[in-house]
1. Taking the Cα centre as origin and putting +1 on Lys and Arg beta-carbons and -1 on Asp and Glu beta-carbons, what dipole magnitude results for segment 405-463, to the nearest 20 debye?
2. Roughly how far apart, in whole Å, are the Cα centres of segment 472-541 and segment 190-212?
3. Based on the Cβ-Cβ distance from Trp321 to Phe432, what FRET efficiency comes out when R0 is 25 Å, to the nearest 0.05?
4. Hey, what number do you get for the chain at 222 nm if only DSSP H runs of n ≥ 4 count, each worth -39500 (n - 2.57), divided across all residues, to the nearest 500?
5. Of all accessible surface on the chain at a 1.4 Å probe, what whole percent is carbon and sulfur?
6. Starting from the Cα coordinates of segment 208-354, work out the convex hull volume and express it per residue in Å³.
7. Of Gly164, Leu210, Gly107, whose Cα points farthest to the positive end of the dipole of the chain (charges on the beta-carbon: +1 Lys, Arg; -1 Asp, Glu; origin at the Cα centre)?
8. Students often forget the sequence filter, so: which aspartates and glutamates lie under 12 Å Cα-Cα from Lys458 once same-chain residues fewer than 8 apart are removed?
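The values are calculated or read from the model by the stated rules, or taken from the named source; none is laboratory data. This one's a predicted model, so the numbers in the text were calculated from it and none came from an experiment. Backbone-built Cβ (ideal geometry, glycine too); neighbour counts: all protein chains shown. Calculation scope for accessible area: heavy atoms of the full protein, side chains included, ligands and nucleic acids excluded. Shrake-Rupley method; radii C 1.70, N 1.55, O 1.52, S 1.80 Å.
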Amino acid sequence: MKRSICIIVIALCSGASLFAQGGMNAYNYSKTDLKGTARYMGMAGAFGALGGDISTLSQNPAGIGVYRSNEITMTLGITGISAETQTSVNIKNNLTKFAFDNIGIVGTFNTGKDLGLVSYNFGFAYNRQNSYDQTYRVQYNKLRSSVTNYIADQSFLIPEDDLGGVNVQSGDAYDIKGLPWLSILGYESLLMSPQKNPEGGYYNDSYEGLFGKNASGSGSLYVRERGHTNEYTFNFGGNVANVVYFGIGLGIMDLDYEMTSSHDENLSGTSGFVPVYEEDDDKVYNYPITSSNFSLWNHLKTEGTGFNVKLGLIARVTDYWRLGLSFHTPTYYSMSDYYLASVDNRYTYLKGNDEVLRNDVTDTPEGRYNYDLVTPWKFTASTAFVIGKKGIVSFDYEYTAYDKMSMSETDGIEMNGVNDDIATYFKAGHTFRIGGEYRITPQLSARLGYANQLSPMKVDAGDQVNIAGMAPHYTLDRGTQYYTCGLGYRFGIFYADMAYVHKNAKSDVLAFSPIVNTVNTGLTSEVATLKAKNNSFMMTLGLRF
């Protein structure tokens with residue numbers, strides 16, 4: 001007989017306490033990508049000291065002060081997304097997505113003065129800040145451990161009566177408040193069982209997974225991510241004596257993220273047992289599980305809205321040299337997660353000399369969890385050189401305080417454990433950008449750029465990481481590089497720009513966190529290298545008048 005299913009009862013009693021986001025989620029929602037107009041992307045986003053481009057409204061708001069005319073612009077494109085995982089088997093997945101990254105308008109108002117405030121500007125822009133679209137699959141031909149052992153280890157010291165719902169059914173709901181969903185799901189689906197004690201019985205608060213000392217097997221991990229982070233920015237700026245340009249921007253953020261994953265394992269020689277009620281004897285017998293072919297399926301959808309403020313200055317030191325500074329406050333998000341999970345466990349157990357095949361499916365109800373997220377603040381320093389009337393070379397350095405991210409409950413109570421993890425797992429991020437433009441003719445320009453986003457991770461693949469929610473897999477960022485080029489053509493008030501961007505990102509994929517000083521021996525995680533290589537072709541069309 002399968003253990004009594006009480007997940008819905010537990011969910012109604014405990015609510016969101018069973019599910020929470022962690023430090024890795026905060027980083028995922030805080031990252032930004034190289035997005036904007038084709039001119040901006042063709043120069044790898046090195047525009048902090050230049051301005052005069054609608055993308056700079058989301059980068060250095062002082063860029064709006066450089067405008068001397070009105071502008072309407074829009075950017076469209078197509079992106080090929082390639083993700084290759086490397087273990088003993090290499091697997092590649094490809095996607096092609098249409099991109100609508102940018103649209104905006106700037107209005108310029110001249111005062112007629114040569115000194116003081118020469119002009120002031122208002123602008124609105126939609127700029128995509130990040131795209132989450134990605135699919136990858138990892139194959140593990142020879143497992144060293146199992147996610148079931150991870151679940152068992154994470155359930156240490158949780159009384160079996162709580163996992164089985166005895167206290168819940170008797171009305172004592174507070175005893176189970178705060179239990180992790182993954183432990184409940186693992187217990188109910190027979191992915192873990194109570195550990196035997198030396199007296200021949202079973203511990204009440206210690207568990208073992210299916211991967212014992214005689215176990216072997218293979219597995220796979222499939223992950224499909226979708227979504228975006230968009231910014232709608234409202235800016236004001238001005239031009240002081242054609243020397244100093246200033247700007248301030250209010251950004252309204254819209255985040256939409258969706259993840260579906262499936263962790264599959266095919267195990268033989270397993271440990272654990274299934275309790276079966278035998279009507280003839282009116283007793284429950286614990287029959288040993290000998291093999292298991294299971295899938296742990298997860299679905300997560302995250303929605304968020306937030307706001308930030310940006311300040312910026314650009315100084316024209318000489319006719320040929322410019323400096324730029326900008327500061328971004330954190331984005332203050334209100335977030336909602338919608339989540340559900342399922343385990344489909346097809347297993348055999350030994351009843352006497354007979355092997356019995358069973359197939360159990362355990363589902364959670366759809367849950368919702370609300371919380372607040374504060375992303376990192378940013379500071380950018382830039383310099384640019386104008387080479388006669390022919391060329392521009394520009395440099396940006398960006399500092400992002402990833403170690404200052406924080407999460408809290410909607411009532412303002414800080415998630416101290418999660419925030420401590422953030423400080424442990426992350427350091428400040430550093431991004432370097434260089435871009436150049438050369439005017440071939442008065443109408444035609446060519447562009448090149450390079451950007452390097454260094455990883456802010458302080459943890460390695462062998463370090464223990466606290467993972468929230470029911471999906472135990474996670475990635476460790478190892479850095480991203482961009483190689484860009486582009487062309488631009490001007491005729492009259494109309495212009496058209498094109499850009500090509502090659503993005504090369506590397507990360508480690510872990511099926512679950514390795515555990516240090518584990519009660520289950522030999523708990524090491526499977527690690528794969530994920531190489532994401534995206535190729536984007538973008539076109540911007542605009543009017544200046």
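1. 760 debye
2. Value for the Cα centre distance between the two parts: 41 Å.
3. Plugging the Cβ-Cβ distance into 1/(1 + (r/R0)^6) gives 0.80.
4. Dividing the helical sum by the residues of the chain leaves -2500 deg cm²/dmol.
5. 56 percent
6. Value for segment 208-354: 190 Å³ per residue.
7. Gly107
8. List returned: Asp403, Asp421, Asp477.
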